[in-house]
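Input: a single structure, listed below in structure tokens.
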Amino acid sequence: MELSELMKPEWTPVQRATLLFVVRDGRILLIHKKRGLGAGKINGPGGRLEPGETARQAAVREVQEELRVTPLGVAEAGLLRFQFLDGLSLEVTVFTAIDFEGTPEETDEAVPVWAPLDGIPYADMWPDDVYWMPPMLAGRRFRGWFLFDGVRMMAHDLKQDGEVNCEPKEIKL
């Protein structure tokens, strides 16, 4: 598969998912993922949409399940498309939040990790994060396309505010 195929409007993901990052006081709330896709990596809380659920609803639910907190001030930030050579394809809506209710707790799925914005542990994360997280943290809307072979990124493209096709759209199953 070529990256250009992933960028076509007719490309359809096998699964739709979300990520949500709480950013406050110069820090970002991440997770050390314990199981599932990306187990062992640092990432944001998130997961797959359930039938009838909007991306925003799924993002909030996933944060509640993975960290036992409820995000506040949730805003859509971007849209990512991932194609894996093994056939897995994901479309991920990315959100940010400015606060949360509760206290982050370790769960069966994740360990909470606070990182300073100037010390995000990119070396322990998926290789695509270093491309789209800085625009997200700068408040720029983005759209990204990423081709992977396992955990190895083969190709990517990223568009930001003011560039063609960067406006994410809400997805409802």
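Counting charges near E109 (Lys, Arg +1; Asp, Glu -1) among other residues having Cβ under 15 Å from its Cβ returns a value of +1. For the chain, the antiparallel share of DSSP beta bridges with both residues in that region comes to about 70%.
Axis angle, to the nearest 10 degrees, between helix 55-67 and the longest C-alpha principal axis of the chain: 50 degrees. Counting protein heavy atoms only, the chain has 49 percent of its accessible area on carbon and sulfur, 1.4 angstrom probe. Per-residue ellipticity at 222 nm, computed for the chain from helices alone with -39500 (n - 2.57) per DSSP H run of at least four residues, works out to -4000 deg cm²/dmol. For segment 24-86, averaging the sequence separation of C-alpha pairs within contact (under 8 Å, six or more residues apart) and dividing by the residue count gives a relative contact order of 19 percent.
Taken about its Cα centre, segment 24-162 carries a charge dipole of about 300 debye when Lys and Arg each add +1 at the Cβ and Asp and Glu each add -1 at the Cβ.
One quarter of the convex hull surface, Cα atoms only: what value does that give for the chain in nm²? Before the final figure, lay out the partial values.
Values: hull surface 37.2 nm².
Projected area, direction-averaged: 9.3 nm².
A dipole drawn for the chain from +1 and -1 charges on Cβ atoms has a positive end, and of M125, L20, G52 the residue lying farthest that way is G52.
Using the alpha-carbon positions of segment 42-131, Rg (one decimal) and Dmax (whole number) come out as 13.7, 39 Å. Evaluated over the chain, the count of Lys pairs having alpha-carbon atoms less than 24 Å apart is 6 (only pairs 8 or more residues apart or interchain).
The values are calculated or read from the model by the stated rules, or taken from the named source; none is laboratory data. What you see is a predicted model; the values in this text were computed from it and never measured. Virtual Cβ from ideal backbone geometry, glycine too; neighbours counted across all protein chains shown. Side chains are part of the model used for accessible areas, which takes the heavy atoms of the whole protein and leaves out ligands, DNA and RNA. Shrake-Rupley method; radii C 1.70, N 1.55, O 1.52, S 1.80 Å.
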